[in-house]
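Quick notes on the structure that follows.
The values are calculated or read from the model by the stated rules, or taken from the named source; none is laboratory data. Since we're looking at a predicted model, the values are computed, not measured. We place every Cβ from the backbone using ideal geometry, glycine too, and count neighbours over all the protein chains shown. Side chains are part of the model used for accessible areas, which takes the heavy atoms of the whole protein and leaves out ligands, DNA and RNA. Shrake-Rupley method; radii C 1.70, N 1.55, O 1.52, S 1.80 Å.
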Amino acid sequence: MCRLFAITSEDPVSPMVALEALDVMREGHDGSGVGLFLRDLGGPFETMKDAPILSGIFTEAGLRRLDVKMMEKGFITKYKISFKLDKTPPEGIPKRGIYLIRAYEYPDEWEEWTWERKQTELTRIRLELRGMGEEEKDMIVFSFWPDVIMIKEIGDPLTVGRYLKLDANDIQARIVMAQGRQNTNYAINLYACHPFFVQGFSTMTNGENTAFIPIREFLQKRGFEGYMGFNSDSEVFTHILHYMQKELGLGLEFYKHIITPLAGDALASHPNADLLTQLKQTCRRLIIDGPNCVIGSLPDHSLFMVQDRKKLRPGVIGGRPGTYAYSSEICGLDSAIPDRDKSKDFQPMYLDTAIVGPDRQEVQICRQTERLHLPH
């Protein structure tokens, strides 16, 4: 198993807070890798919320090819973070070329575009750069999106964070998601490392999804080019979240009804039985199978946690108004928010979606048995 930790805070925090929480849970993960997702950024990125930020790892040749491509497209560098690394990485961490975090100015012609059109083109550029890198093995591109940074690497999470000097590199965020473990179901590949990201939606998972193949086949037929990669059976959790909101127009309370729908008497007696029965039939290929704890983030900066039907993976939420954390284990909460009221810690069960909204004032619990707030 791996371990998960996420924090949402009114004040920006260093990603080291999350990595230190993972470290106290080290008995639950093998220290083989780490993935970080940061949004609602602080520090120097505070004043450039609309600027698309490119996150990835490049060789010198790959960086030159990147610069040529971005200049051709009309992008101008607005701000970048330079990682000053030790010449020899710690044991277990591969020697890389350049860890890149770079914010860009949009091309002039983009200024009149709608946000929907910008989203589509940002996705296409990310996938184009990823394809270029896969051809020449000189670029690994994790994200290209406003107000988002992603970092992934092989090695012990805390050691990786210290090696990259994340506490001293002007990297802060109000939402930090961290997963401690490289994917072990497939060949080692940083694209298989959680968290995953598509157009403002991100998830990470502790568990496995044995229904991966039918879900992948369903998504590949939706006609959206962002449903690709599939380097991990858990990547589809992000895709399903995106599909639910962007394509079906449904809110977060529907997520559990898609991935783990009610059955039998529970479905028949639900206040929205007819709707949910139709949804279950329409999205039956998206039903997941296997033990899972999923933590996810939405474009509106909400953070949530859901469990599989049998709750076979641990998960707990705790904090105080202004700061809440989601953790695989209570000791992770103790590391990040030691002064919280521990009597209010909450462990979601299989019917629950536990949500901390963008105001970060409370944990809201949405149960699958409750009446749904239907979209207009």
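Details
- The single condition from (1) touching a residue at least 12 places away in the same chain (Cβ under 8 Å); (2) under 28 Å from V34 (Cβ atoms) that P107 fails is (2).
- Listed conditions (1) under 18 Å from the mean Cα position of the chain (by Cα); (2) within 22 Å of L4 (Cβ to Cβ); (3) open to solvent by less than 10 Å² (accessible area, probe 1.4 Å) are all met by E208, apart from (3).
- Breaking point among (1) part of a loop (DSSP other than H, G, I, E, B); (2) open to solvent by 60 Å² or more (accessible area, probe 1.4 Å), for I93: (2)
- Meets criteria (assigned to a helix (DSSP H, G or I), closer than 30 Å to G315 by Cα and under 24 Å from the mean Cα position of the chain (by Cα)) for A21: yes
- Within this structure, K152 fails the test of being surrounded by fewer than 19 Cβ atoms within 10 Å (Cβ to Cβ), within 27 Å of M48 (Cβ to Cβ) and not aliphatic (A, V, I, L, M).
- On the stretch given as the stretch 51-85, residues that are under 17 Å from K118 (Cα atoms) and either touching a strand residue (DSSP E or B) at 6+ places or on another chain (Cβ under 6 Å) or aromatic (F, W, Y) (or both) total 6.
- Residue in the stretch 168-175 that is in a loop (DSSP other than H, G, I, E, B), over 19 Å from F37 (Cβ atoms) and modelled with pLDDT of 95 or more present: no
- Residue match in the stretch 62-83 (condition: of a type in the set (S, T, Y), over 22 Å from Q172 (Cβ atoms) and not in a helix (DSSP H, G or I)): no
- The strands (runs of 3 or more DSSP E) located wholly in the stretch 280-376 that include 1 or more residues which are free of Cβ contacts under 8 Å to residues at least 12 places away in the same chain and not basic (K, R) occupy 363-367.
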